[in-house]
Amino acid sequence: MHRVLVLVRSLNSIAADLDFGEFGIKRVSHRFKEYRQALSSLDVNPDDWIFEKSYSHVPPNASGSAFVIRKGVEDTLLLLRLYKIGDISFTRQVIFLPDGNPNVQEPYRAMNDLNSYSALQFDIEPARQEESSRRLESIRSP
């Protein structure tokens, strides 16, 4: 099984965990040291968020499984930005391979520290998560 963790910023919610079915986003909180180690970065703070998604099967691709997962994460970021106003940002990513070894993604155009903090927060209400999941899926499926 592949698992991806992504450091998320400019998100605001009263909930500590947001479950979208296919993926989850949770507040870093007191686990910031654990996530610093996992993401190989000291730039992880208690008020940040972590996007997490597991893949039991990764579709074959000539570019490899990491490319498929990275593209899927980018697509999710785009869907979240289309869904609601706010400058949610994904700043650092690590893919854990089935053997448990981490594959830390170097910064690139869609995911980097320059996107970090914004005055325009992406607000999400926990009471509307089910509706949010349905709307995200409807944006994804034509």
Being surrounded by fewer than 12 Cβ atoms within 10 Å (Cβ to Cβ), modelled with pLDDT of 70 or more and either of a type in the set (D, E) or in contact with a Ser or Thr (Cβ under 8 Å, 6 or more places away or on another chain) (or both), is that true of even one residue in region 99-111?
yes
If you scan region 12-21, which residues turn out to be in a loop (DSSP other than H, G, I, E, B) and either of a type in the set (G, A, S) or touching an Asp or Glu at 6+ places or on another chain (Cβ under 6 Å) (or both)?
S13, A15, A16, G21
Answer from V73, V68, V58 - the residue that is among the aliphatic types (A, V, I, L, M), modelled with pLDDT of 85 or more and either under 19 Å from N103 (Cα atoms) or not in a loop (DSSP other than H, G, I, E, B) (or both):
V73
From the residues in region 12-45 that are hydroxyl-bearing (S, T, Y) and surrounded by 15 or more Cβ atoms within 10 Å (Cβ to Cβ), which one is farthest from F67 (Cα to Cα)?
S13
Looking at the structure I just gave you, is D48 touching a strand residue (DSSP E or B) at 6+ places or on another chain (Cβ under 7 Å) and under 28 Å from E125 (Cβ atoms)?
yes
Just one of (1) modelled with pLDDT under 90; (2) in contact with a Lys or Arg (Cβ under 8 Å, 6 or more places away or on another chain) trips up G21, so point out which.
(2)
Looking at region 1-11, is at least one residue outside any loop (DSSP other than H, G, I, E, B), out of contact with any helix residue (DSSP H, G or I) (no Cβ under 8 Å at 6 or more places or on another chain) and exposed (fewer than 14 other Cβ atoms within 10 Å of the Cβ)?
no
Positions within region 64-93 being on the phi > 0 side of the Ramachandran plot and surrounded by 14 or more Cβ atoms within 10 Å (Cβ to Cβ), in sequence order
G86
Filtering region 1-52 down to residues that are touching a residue at least 12 places away in the same chain (Cβ under 8 Å) and of a type in the set (D, E) yields D19, E22, D43, D47, D48, E52
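The values are calculated or read from the model by the stated rules, or taken from the named source; none is laboratory data. Not measured: the values here are computed from a predicted model. Cβ sites come from the backbone with ideal geometry, for glycine too, and all protein chains shown count toward neighbours.
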